[in-house]
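Please read the structure below before turning to the comments.
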Amino acid sequence: MQLQDFYKQLVSLIPEETAEDFDRIGIQVQSGVTELRCLLVAMEVTDAVVQEAVEQGVDAIISFHPLIFPSIERIIDADRVGRIVTHLIQHRIALIVVHTNLDAHPEGTNTFLARQLGVTVEGPLVPHPDRPDYGMGRIGKFPHPITISELLDRLYQTLKSPLRFTAGSKELVQSIAIVAGSGRSFLREAIASGVDAFITADLKYHDFHSVDGRCVLVDVGHYEMEQFVPMILEKFLQRIVPEGEVEIYRSTVLPNPVRYYPQTRLFRQWQAEVLIK
């Protein structure tokens, strides 16, 4: 399958224009590749992921997190991005990025996570101006109200990570908003939506102060919210690549750089198991 044909079909499913303005998506490194026979799907590109791609003999990595963000000034081995770009070119492996346009998709990152938690999705938290079904975050409801403890336990069991949270004004939670990854810039919209709880990551101490007593606010970790992305991307790719003509592998490398004390081994084992489901 031709690289350019593949990318055209990919963005017909996951439109480029629904990505955030700050984002960097698309074909980031072509490496001279024009034909695709084998793909590796990963959350992000690390040295270990590139080595996995080399061993699998793939022509391209489809990554969620951009490698080049927001730009690159030089390509040198001492720099992580420069080193990885060099290795991709040396081994003739292309890099294609699908990021916030996957977040914004009605069947994308946030919808998948909401459904994993048992939430019925109602729509985006911030709809796209030209595509109202698309947009950042998702709002939804549990079939029945649950306690804060039940919400936290459900998050813990699903995402396999320690949690940080603050309580809201109610003892029970039914409506929630979710923004996978760094969602602190959507705090105002989440509060204005009137939901009982907002689930996101990369929150600051004063973010908890700002909503304390008004809304349950939970920080579950950036990687944890997005760890299901390779599964989601694989399903999208299966819809556009010719069966038997292009192979798709899902990366089994755990790219999360964060460690947890005191149960480092336990959490990393849990997260690694998600990759091979």
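Any idea what the relative contact order of the chain is, in percent, if you count C-alpha pairs under 8 Å spaced at least 6 apart?
Rounded, it is 19 percent for the chain.
Using a simple spin-label model with pseudo-atoms 7 Å out from Cα toward Cβ, residue 35 and residue 149 lie 6.2 nm apart.
Of all lysines in the structure, the ones whose alpha carbon falls short of 29 Å from that of residue 170, not counting any fewer than 8 places away in one chain, are 141, 160, 204. Loop exposure criterion: chymotrypsin sites (Phe, Trp or Tyr not before Pro), DSSP state outside H, G, I, E and B, at most 16 other Cβ atoms within 10 Å. Applied to the chain, the longest stretch between such sites is 23-259. The sum of -39500 (n - 2.57) across all DSSP H runs of n ≥ 4, divided by the residue count of the chain, sets its helix-only mean residue ellipticity at 222 nm to -9500 deg cm²/dmol.
Put the Cα centre of the range 182-221 next to the Cα centre of the range 15-88 and the gap is 32 Å. Which GluC sites (Glu not before Pro) in the range 79-155 pass both tests, a DSSP loop state and at most 16 other beta-carbon atoms within 10 Å? Passing sites in the range 79-155 are 107.
No lab work stands behind these numbers, since they all come straight from the coordinates. None of the values given here were measured: they were computed from a predicted structure. Reconstructed Cβ throughout: ideal geometry from the backbone, glycine too, with neighbour counts over all protein chains shown.
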